[in-house]
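Just below is one structure, and these are the notes that go with it.
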Amino acid sequence: MPAEVARPWHRISPTASTPVSDAVREDRLVWIGSQEDLAHDYPQAAVSLPYEFCLAAAPLTGRRGPHGALFLLWPAGHARTASLRERDHVSSAARGVARMLDRADGTPAVPEVPRVIPAAPPRAYGGRPPHAAADWAERLPEGALALDLEGRITFVDGTAEALLGRASGHLLGTWPWKSLPWLDAPLVEDRYRAAVLSREPVEFTALRPPDIPLGFQLYPDSSGISVRITRPARHEEGTRPGPPAGAAVPQPGRVHQLLHLAAAMTETVTVRDVVEVVAHQVLPAFGADASCCPRPTRAASGSPATTGTIRRPSSGSTACPWTPG
């Protein structure tokens, strides 16, 4: 899974209503077999991740207390109900990780950037040279593009260059939404995330400036995403307009982070509730230690401006994270 897609899960409060938090807090295996199960048990997570996938969270229970949780994801098509053997495998793996952490000296440091381990070695294709596949793609009437698991372009053929209006030298190694600003749109981000998480084909239409519609079909697997680019027939053109030129659009990941935080705020009633959500969910999600909340001077009364600080609570603390003044 790309690090950007998993960013909202980098730091999770133990008190949050999430599968990982429940697994650690209740010392049990949590299994979510479908999007419907996620919406029923964890509506906040379902709002920000409206895709088909299956997940499991198992506690890493050590001798001195919990180390965290083992969090696993499966694409769409996985069995909705875990078999007894599958549950035993997940729990056994979690116990093994916990034993390794018990033997470590002190608490292991949590890296800011997750470590990525390839799921499988590249395919050899019978020893045939790579240019044979490139020649095959060049003969097709549609454009061919390849993305790695992080969303960076690893291959682009000549037809794709012509359709996108950019040379391969400006595309290879970049994220499409960076090298092609007209793809920096919520629709594109949503379809990309759906392909990564569900591992099912998705498609969308985007408008290349000034008025050229292009069809994109994404075919994902565990090694990356193959993208087919076509020019829709005349009668299909203009069915899905893009954003106006120069219009501001959210950066990839920003929309889903906002949805996640908005869902958390819907459960607040009092000021104390808002403070708790900011301290336990917003600050950990962005890696911040505190948030300053200024109140401007009132012109009519002449009262001075005041500020308050919401601090990220320490582990096990039950004190109010709000500090006035």
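The values are calculated or read from the model by the stated rules, or taken from the named source; none is laboratory data. This is a predicted model, so every value here is computed, not measured. As a convention, Cβ positions derive from the backbone with ideal geometry for all residues, glycine included, and neighbour counts pool all protein chains shown. Areas reflect the complete protein model, heavy atoms only, side chains present, ligands, DNA and RNA absent. Shrake-Rupley method; radii C 1.70, N 1.55, O 1.52, S 1.80 Å.
Near CYS54, once Lys and Arg are set to +1 and Asp and Glu to -1 for all other residues with Cβ below 14 Å from its Cβ, the sum equals -3.
Applying the Karplus relation 6.51 cos²θ - 1.76 cosθ + 1.60 with θ = phi - 60° to region 38-53 yields 3J(HN,Hα) values of 5, 5, 6, 8, 9, x, 4, 5, 5, 5, 7, 10, x, 10, 8, 6 Hz, where x marks Gly and Pro.
Assuming R0 = 35 Å, what is the FRET efficiency of VAL271 and THR107, from their Cβ-Cβ distance, to the nearest 0.05? With R0 = 35 Å, the Cβ-Cβ based efficiency is 0.55.
For region 133-141, backbone phi angles converted through the Karplus equation (6.51, -1.76, 1.60; θ = phi - 60°) give residue-by-residue couplings of 5, 5, 4, 4, 5, 5, 7, 7, x Hz, Gly and Pro being listed as x. Largest accessible area first, the residues ARG99, ARG115, ARG64, ARG272 order themselves as ARG115, ARG64, ARG99, ARG272 under a 1.4 Å probe with ligands, DNA and RNA left out. Measuring with a 1.4 angstrom probe and ignoring ligands and nucleic acids, ILE117 comes out at about 120 Å² accessible. Scanning residues 5 or more positions from ARG208 or on other chains, those with amide H under 5 Å from its amide H are LEU214, with H placed 1.01 Å from N in the peptide plane. Our coupling estimate for region 95-101, obtained by passing each phi through the Karplus curve with A = 6.51, B = -1.76, C = 1.60 and θ = phi - 60°, is 5, x, 5, 4, 5, 5, 5 Hz, Gly and Pro reported as x.
Amide H contacts under 5 Å for ARG231: GLY215, restricted to partners 5 or more places along the chain or on a different chain, H placed in the peptide plane at 1.01 Å from N.
The packing ranking, built from the mean of other Cβ atoms within 10 Å per residue, places the peptides 103-111, 132-140, 207-215 in the order 207-215, 132-140, 103-111, highest first. Close amide H partners of ALA290, meaning residues 5 or more places away or on another chain with modelled amide H under 5 Å apart, are ARG312.
On a full-extension model of 0.36 nm per residue, what is the gain between THR154 and HIS131, subtracting their alpha-carbon distance, rounded to one decimal in nm?
6.9 nm
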